[in-house]
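Peer 1: Please find one structure pasted underneath; my questions will follow.
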Amino acid sequence: MSKYDEAMNLYKTTNLSVVEICRRTNTPVKAFRAFLQRSHRDLLFARYGIKIPPKEAAKTLLRKSKGQSPQAYIKYKEAISACDDIKYIEYNISQIARLFHVTPIGLSQQLRSHFPEILERREKERQRLGINDNFLRGTSRRYKQQYVAAIEHLRNSDDTIVRTAELFNVSYTGLRSHLLYYNKALVDSRENKRIKAKGTKKLGAITGNGRKHLPSEENDKIYKEAIRLYRTTAMTMDDIVKATGITFNGFKNYLRMWHIDLMLERRGITSADNKEETLRTSKQYLKSTAAKYAEAIEELKINGESTAVVAKKYNLNSDSFREYLYEHEPELAERLGMTILPNGKRVLARSANKYDEAIGIYKASTESLKSISARLGIQYKSIGGFIRRNYPDIIEIHNRLVEEENQRRKEQARDQAMIDELRNDEKEKQLIIEALKSADGNKRHAAKILGICRSTLYNKLKVYQLE
C-alpha cells in the first residue's frame, strides 16, 4: 500500500487542486507532485482532457518552456474563445471576464502573453464596426515614465527582472507585465540570449536561466578566510580546512568552480587555454613544497654538488627533488647533467653512463643483478633502485629470460632422466640373459641367481621380449 493512495484517489475522482488534496490528506505538496510527474504522468494529461498512453506520457511535456500552463488553459479557455467570437464583439475584455467568472486582469494577461493576435483582430473589428467604449488603449504616460529607467537597465545588462525591480523600486509583476505588453522585442532578445547561453559556465557570464554564473553570497562568506589563506600563505588545503572549520571537499569544489585561476597560480601556471584540462594534467606543487626545496636548490647553485648528496643533506627524497628541479629549475637541472632516456625518463647523465653496461648485461642475460653489480663494482641497491624507477620494462625482459632458461634446464633434466632410464633397462636386460645362461634356461634357478621371485622374472621377460 502506497502512502499516496488516499491522495491519488482524490486526484482521480475529483477536480480538487493538488494543494487542496495534500491539505486534506496531510501529504507534502512537493513530494506528491514529484510522485505524479514520475509515476503517473498519464493522469496529469487526463485531468486536462488529454488522453495519452502511459509510455508516451513519460516522454511528453505538458507544455513548452514558455506558454500557457494546463491549469490556465482550462480556466481561461471559454473566455478566450469568446474574445475571438463575433457574438461577443460588443463586450469589452472586462465584461467578457465577468461573464465567464474569471478576473479581468488575469484574462487580459493571458491574451497579451499568449494570444496577442486575438486582441489585434478584435480591435480592428471593433474599429470597423464603429464600436467605442471610451477606454484608453496602451500604457499611460505616468506608468511609462515609471518603468523607463528599469527597461533601459534591462536593455543594457544581464540582471534579472526581479533584481531590476529591486534596484529601481518598482513592482516586479508590474514591470514584467509592462515588458510583455509593450517591450516584446526586448523580452525575445533576452530569451534568445539565455537560449544561446545554455550549458555555458563562464564566471560572471549569463547562464541558461538568465542569472549570472557567480558564487552565492553565502558561499563567499563561508570560504572568505580560507581563500585568503590559500592565496597568501603556503598552508596546505588540509591545514586550511582545519584552521577555518570548513569541509575539505566543499572547499576543493568551491576552488575548482570559482577560483581555478588561483589553483593554477599555486602550481606555477599563469596562463592556459584550457584551464580545466591544464589543472587536471598539471603536477601539483604546493607553496610549502617550494619552501621545502628552496635551501637545497641554493646549495646546488653555489656548490655544484650532485642532487643525491644535497638531497641527503637536507633529508629530501632524491627522486622527487630531481623531478622538481626539472619542472621548476630546468636550467639548473641541465647544468647538473640531467638527460632524457629513450623511454622519456629524466635522470642524471653520470648515473645513466655509470649503469649503462650493467643494464645492457641485465637485459640480455640471465645473470642476477647482484652478481652483475659485484662483478662490475657497482652498489647493488643503487643499481636496483635505478632500474626499478627508470627501466621497469627491462625487469620484465630479464625475468622472461630467466623463466625461459629455467624451462630449458627442466627439459634437459627430463631428457637426461629418460636416457639414464634407458641405460638402466639395457643393463638389467643383459643381467637376466646372463642368469638364464648360467641356469641353462631354468627360470626358477635364474630368479634365485638374480635375487628376485619367479613371477617378477616372468614379467621382466615379457617387458624385454625374452620369452
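Peer 1: Could you look through region 362-394, keep only residues that are of a type in the set (A, V, I, L, M) and open to solvent by less than 40 Å² (accessible area, probe 1.4 Å), and pick out the one that is nearest to Glu323 (Cα to Cα)?
Peer 2: It comes out as Ile387.
Peer 1: Look at region 211-241 and say how many of its residues are part of a helix (DSSP H, G or I) and open to solvent by 50 Å² or more (accessible area, probe 1.4 Å).
Peer 2: Here the count works out to 13.
Peer 1: List the helices (runs of 4 or more DSSP H) inside region 105-167, counting only whole elements, that have at least 1 residues being of a type in the set (Val, Ile, Thr), at pLDDT below 80 and open to solvent by less than 70 Å² (accessible area, probe 1.4 Å).
Peer 2: So the answer is none; nothing clears 1.
Peer 1: Inspect all residues belonging to region 379-398 and state whether any of them is on the phi < 0 side of the Ramachandran plot, outside any helix (DSSP H, G or I), acidic (Asp, Glu) and modelled with pLDDT of 75 or more.
Peer 2: no
Peer 1: Another question about this same structure. Give me the residue from region 86-102 that is part of a loop (DSSP other than H, G, I, E, B), at pLDDT below 90 and open to solvent by 20 Å² or more (accessible area, probe 1.4 Å) and, out of that set, farthest from Lys51 (Cα to Cα).
Peer 2: Glu90
Peer 1: Please note which helices (runs of 4 or more DSSP H) are completely contained in region 287-340 and include at least 2 residues that are modelled with pLDDT under 75 and open to solvent by 50 Å² or more (accessible area, probe 1.4 Å).
Peer 2: It comes to 287-303, 318-328, 330-335.
Peer 1: So, in region 176-186, of the ones that are closer than 16 Å to Val148 by Cβ and in a helix (DSSP H, G or I), which residue ends up most open to solvent (accessible area, probe 1.4 Å)?
Peer 2: Arg176
Peer 1: Another question about this same structure. Ile361 fails exactly one of the following numbered conditions: (1) modelled with pLDDT of 80 or more; (2) within 25 Å of Ala290 (Cα to Cα). What is the number of that condition?
Peer 2: (2)
Peer 1: Now a separate question. Taking region 14-35, which residues are within 33 Å of the chain's Cα centre (by Cα) and either among the hydrophobic types (A, V, I, L, M, F, W, C) or farther than 14 Å from Arg47 by Cβ (or both)?
Peer 2: Scanning region 14-35 gives Lys30, Ala31, Phe32, Ala34, Phe35.
Peer 1: For Ile397, work out the one condition from (1) in contact with a helix residue (DSSP H, G or I) (Cβ under 7 Å, 6 or more places away or on another chain); (2) open to solvent by 60 Å² or more (accessible area, probe 1.4 Å) it doesn't fulfil.
Peer 2: Unmet condition: (2).
Peer 1: Same structure again: Quickly run through region 424-467 and pick out the residues that are part of a loop (DSSP other than H, G, I, E, B) and open to solvent by less than 80 Å² (accessible area, probe 1.4 Å).
Peer 2: Ala439, Gly441, Asn442, Gly451, Ile452, Cys453, Tyr464, Leu466
Peer 1: Which is surrounded by 13 or more Cβ atoms within 10 Å (Cβ to Cβ), at pLDDT below 80 and part of a loop (DSSP other than H, G, I, E, B), of Leu44, Leu62?
Peer 2: After applying the criteria, what remains is Leu62.
The values are calculated or read from the model by the stated rules, or taken from the named source; none is laboratory data. In this text, all values refer to a predicted model and were calculated from it rather than measured experimentally. We place every Cβ from the backbone using ideal geometry, glycine too, and count neighbours over all the protein chains shown. Keep in mind that these areas ignore ligands, DNA and RNA; they rest on the heavy atoms of the full protein, side chains included. Shrake-Rupley method; radii C 1.70, N 1.55, O 1.52, S 1.80 Å.
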